[in-house]
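Below: the structure, in structure tokens.
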Amino acid sequence: MEGPAGQEAIVTPWTVEGDVDYDKLIKHFGCQAIDERVLDRIERLTGTKPHHFLRRGIFFSHRDLNLILDAYEKGEPFYLYTGRGPSSESMHIGHLIPFMFTKWLQNTFQVPLVIQLTDDEKFFFKDVTLEEIDKMTTENLKDIIAFGFDPNLTFIFRDFEYVGKMYRIVARIEKAYTASQVRGCFGFKMEDNCGRWMFPAIQAAPSFSAAFPHIFPLGKGNVFCMIPQAIDQDPYFRLTRDVAPRMGFLKPAVIHSKFFPGLSGSKGKMSSSTGAAVFLTDTPKMIKDKISKHAFSGGGADKKEQLLLGANTNVDIPVQWLRFFLEDDEELKRLQKDYMLGRIMTGDVKKVLIQTLTNIVTTHQEARKRVTDADAELFTAVRLMGPAKEAAESK
């Protein structure tokens, strides 16, 4: 698909490049936009103001979110599913987005959550050893626990450890997928390793509640699943939704986020492989240096030009990042207006961003220090949770 300037935008689960037109993506992928009616319904049903990611259109499209809200309104259960593909020993701030939002969803709806750590995917798609993947996965696991998910409602699993327990589901999905479908959806080539062709079924399996009998008792019917994800992951679950009905499962609902841009500009998304990424292990000085030196500015070339013409906030990275992380709507609105009108300089906006990110990162670091090996064992233990625990206790 093409971006607004005619540049070809590449959006796949592994590559995001170019200017992404999200309205075109909605049409291209056949999704539905999240509009004010959806936000009003969420607030009415939960009594909670929608997360600023929803209010600002950061999570902007969905598939069957209305069915999830229908189920919640009827008192029927659903669960959340998200994941992480370990790619570095430290997550960067772009990785915060799905977990911050998922935590809000869990707190708001009080539902079970499963988090898949796709250590196998990284082995199939990256030139890394199993030992390197194990180390990255262990560190990322503790990063995720530090977000503060409810241990009574959260199950985190590594594919290498749990896939055997859901392999019957994986096998059924693999049999339902054809090689032609997988190639058409993901663009795999005959020289790609077999693991790549198989992996979509492994990522699909957690979207069916039967994969987790310790959470959802077998024989009690299907449970709806909702998946918060960046829109580049949508191909996985388009294919899953296609085969779900003939397997006797409910189609998973998905809710899509926009990409978090890199420091150097808005094209594509932030990557762990870039030296200018801001990591959750960075010190306040490192954050300040990276923002000050590398954040692309939409402001004037000098003070005179900024006072005269103001800033283009649509391309200004500090403003774009503040849309993700500055929670106060009025403060953000005021800052954008003053910047556009030339009342404040680029340095003023960067200063706000530096302080905002420093607070978020240092808060996470403090929480991360408190995560123990026992916490990791608790969250990854296959244990009775949610409806299964309630059913066992009622006997």
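The set of residues in region 299-323 that are outside any loop (DSSP other than H, G, I, E, B) and modelled with pLDDT under 85 comprises Lys303, Lys304, Glu305, Gln306, Leu307, Leu308, Leu309. Restricting attention to region 29-42, which residues are surrounded by 14 or more Cβ atoms within 10 Å (Cβ to Cβ) and part of a helix (DSSP H, G or I)? Passing the criteria: Phe29, Val38, Leu39, Arg41, Ile42.
Taking the criterion of being outside any loop (DSSP other than H, G, I, E, B), among the charged types (D, E, K, R), more than 29 Å from Met136 (Cβ to Cβ) and over 23 Å from the mean Cα position of the chain (by Cα), would at least one residue in region 213-232 satisfy it? Scanning region 213-232 turns up no residue that is outside any loop (DSSP other than H, G, I, E, B), among the charged types (D, E, K, R), more than 29 Å from Met136 (Cβ to Cβ) and over 23 Å from the mean Cα position of the chain (by Cα). For region 291-315, a residue qualifies if it is touching a helix residue (DSSP H, G or I) at 6+ places or on another chain (Cβ under 7 Å) and within 20 Å of Ile97 (Cα to Cα), and the qualifying residues are Ile291, Ala295. Restricting Phe208, Phe212, Phe224 to residues that are under 22 Å from Phe109 (Cβ atoms), buried (at least 22 other Cβ atoms within 10 Å of the Cβ), aromatic (Phe, Trp, Tyr) and touching a helix residue (DSSP H, G or I) at 6+ places or on another chain (Cβ under 7 Å) narrows the list to Phe208. The number of residues in region 179-208 being part of a helix (DSSP H, G or I) and either more than 16 Å from Gly83 (Cβ to Cβ) or without any contact (Cβ under 8 Å) to a residue 24 or more places away in the chain (or both) comes to 13. Quick one: in region 281-298, which of the residues that are surrounded by 14 or more Cβ atoms within 10 Å (Cβ to Cβ) and part of a loop (DSSP other than H, G, I, E, B) is nearest to the chain's Cα centre (by Cα)? Ranking the candidates gives Thr281 first. For region 87-114, which positions are at pLDDT below 95 and touching a Leu at 6+ places or on another chain (Cβ under 9 Å)? Result: Ser90, Met91, His92, Ile93, His95, Leu96.
Within region 329-380, if we keep just the residues that are part of a helix (DSSP H, G or I), polar (S, T, N, Q) and free of Cβ contacts under 8 Å to residues at least 60 places away in the same chain, the residue that is nearest to Met91 (Cα to Cα) turns out to be Thr363.
Here Lys103 fits the description: of a type outside the set (A, V, I, L, M, F, W, C), assigned to a helix (DSSP H, G or I) and either free of Cβ contacts under 8 Å to residues at least 12 places away in the same chain or closer than 26 Å to Asn222 by Cβ (or both).
Mind telling me which of the residues Thr118, Thr48, Thr102 ends up being in contact with a helix residue (DSSP H, G or I) (Cβ under 6 Å, 6 or more places away or on another chain) and either within 25 Å of Arg37 (Cβ to Cβ) or basic (Lys, Arg) (or both)?
After applying the criteria, what remains is Thr48.
Using the structure shown, decide if Val128 is in a strand (DSSP E or B) and not hydroxyl-bearing (Ser, Thr, Tyr). No; evaluated as a whole, the condition is false for this residue. Considering only residues in region 340-355 that are aliphatic (A, V, I, L, M) and closer than 13 Å to Ala311 by Cβ, the one that is surrounded by the most Cβ atoms within 10 Å (Cβ to Cβ) turns out to be Val349.
Total residues in region 151-188 satisfying the condition of being loosely packed, with under 14 Cβ neighbours inside 10 Å and touching a Lys or Arg at 6+ places or on another chain (Cβ under 9 Å): the figure is 1. Selection within region 81-102: residues that are over 12 Å from the mean Cα position of the chain (by Cα) and not small (Gly, Ala, Ser). The member of this set that is surrounded by the most Cβ atoms within 10 Å (Cβ to Cβ) is Pro86.
The values are calculated or read from the model by the stated rules, or taken from the named source; none is laboratory data. As the structure is a prediction and not an experimental result, all values here were calculated from the model. So basically every Cβ, Gly included, is an ideal-geometry build from the backbone, and we count neighbours across all protein chains shown.
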